[in-house]
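Everything below concerns the one structure shown next.
The values are calculated or read from the model by the stated rules, or taken from the named source; none is laboratory data. Note that the coordinates shown come from a computational prediction; the quantities given were computed from them, not determined experimentally. Neighbour counts are summed over all protein chains in view; Cβ atoms, including those assigned to glycine, are modelled from backbone coordinates with ideal geometry.
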Ligand code: NAP
């Protein structure tokens, strides 16, 4: 199997719900020391308590749309766990807004959280990741934007494709410091955020997935864990799609 990541210090933005919470559970279960970040203090406290049985998990309140806030949570994670080895840039929002009606504020909210938040988090973590000597960054992008499109999510798709543009150049800048940066591209994964999109959305998605079901947060976490192992040390600037085959068929008929 893979070399243990026990003892590594991990930061998961958006770790209080959904995919991020699953990432935190998986890293903690492998013996890593995890700090989860979110804006809602109550939700964060509850998530840390729920994650406690998995291992070492602490909550720090923060907003990735603010560079100062990212610096503060990174400092807190280092202080708590004596450094920082793995950063999961996972915090994201996906409110729908048709292009014709999208306000500058709606556009800014999505870009500030999903795209600028990734920049700010990685920038803040860089000195610590360099000191680690085996730094890992795992970005939660999406199939939406990099591979597919969806009406009402042009801002979201742009933010998720933008994360990959960021990742590829960052991979080159960070390589000499032995820091890798890769992206996971989930399809439709059952989370609080996805469930909020309603039963019609969920049903339509299920019908479009060759494996016949939505994905689980554990299935996304397994891919992220792999990218954090010693065995993935030679992989950087790459993407890993976790979508039950959703992006493969040309049409529903093509699924047979
Ligand atoms: P979710 O259930 O809504 O959880 C989102 C998490 O991000 C929460 O912990 C939330 O906490 C945090 N967050 C949101 N804005 C933040 C901010 N400005 N600063 C800090 N934390 C913030 O969402 P999810 O479905 O797990 O999605 C997580 C990531 O996966 C996102 O990047 C999303 O784009 C991506 N993704 C999800 C799917 C899917 O099917 N679920 C598919 C593809 C990609 P607070 O609200 O308390 O801040």
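A few comments on the model shown:
- Residue match in segment 10-31 (condition: within 12 Å of the ligand (Cβ to nearest atom), surrounded by 20 or more Cβ atoms within 10 Å (Cβ to Cβ) and farther than 30 Å from residue 150 by Cβ): no
- Filter result (part of a loop (DSSP other than H, G, I, E, B), in contact with a helix residue (DSSP H, G or I) (Cβ under 7 Å, 6 or more places away or on another chain) and over 16 Å from residue 96 (Cα atoms)) within segment 141-189: 141, 146, 177, 179
- Annotation note: of 5, 19, the sole residue that is in contact (Cβ under 8 Å) with a residue 24 or more places away in the chain, assigned to a helix (DSSP H, G or I) and within 17 Å of residue 227 (Cα to Cα) is 19.
- Among the criteria (1) within 16 Å of the ligand (Cβ to nearest atom); (2) within 29 Å of residue 133 (Cα to Cα); (3) in a helix (DSSP H, G or I), the one residue 231 does not fulfil is (1).
- On inspection, residue 209 passes the criterion of being buried (at least 20 other Cβ atoms within 10 Å of the Cβ) and part of a loop (DSSP other than H, G, I, E, B).
- All positions within segment 34-45 that are surrounded by fewer than 22 Cβ atoms within 10 Å (Cβ to Cβ), in contact (Cβ under 8 Å) with a residue 24 or more places away in the chain and more than 6 Å from the ligand (Cβ to nearest atom): 44
- Hey, residue 244 in contact with a helix residue (DSSP H, G or I) (Cβ under 7 Å, 6 or more places away or on another chain), at positive phi and at pLDDT 95 or above or not: no
- Filtered by the rule that a residue be surrounded by fewer than 18 Cβ atoms within 10 Å (Cβ to Cβ) and either more than 14 Å from the ligand (Cβ to nearest atom) or assigned to a helix (DSSP H, G or I) (or both), segment 59-75 gives 67, 68, 71, 72, 75.
- Unique match (being modelled with pLDDT of 95 or more, surrounded by fewer than 23 Cβ atoms within 10 Å (Cβ to Cβ), near the ligand (Cβ under 10 Å from one of its atoms) and not in a strand (DSSP E or B)) among 110, 93: 93
- Test: residue in segment 147-170 that is more than 27 Å from residue 104 (Cα to Cα) and touching a strand residue (DSSP E or B) at 6+ places or on another chain (Cβ under 8 Å): yes
- Of all the residues in segment 136-157, those that are within 27 Å of residue 68 (Cβ to Cβ) and more than 12 Å from the ligand (Cβ to nearest atom) number 2.
- Failed condition for residue 43, given (1) part of a helix (DSSP H, G or I); (2) more than 24 Å from residue 220 (Cα to Cα): (2)
- Verdict on residue 133 being more than 15 Å from the ligand (Cβ to nearest atom) and at positive phi: yes
- Scan of segment 158-199 for residues that are surrounded by fewer than 21 Cβ atoms within 10 Å (Cβ to Cβ), at pLDDT 95 or above and within 13 Å of the ligand (Cβ to nearest atom), ordered by number: 158, 161, 162, 164, 190
- Any hit, segment 240-255, residues being farther than 22 Å from residue 160 by Cβ, within 16 Å of the ligand (Cβ to nearest atom) and without any contact (Cβ under 8 Å) to a residue 40 or more places away in the chain: no
- Within segment 76-90, the set of residues being assigned to a helix (DSSP H, G or I) and either under 25 Å from residue 185 (Cβ atoms) or in contact (Cβ under 8 Å) with a residue 40 or more places away in the chain (or both) comprises 76, 77, 78, 80, 81.
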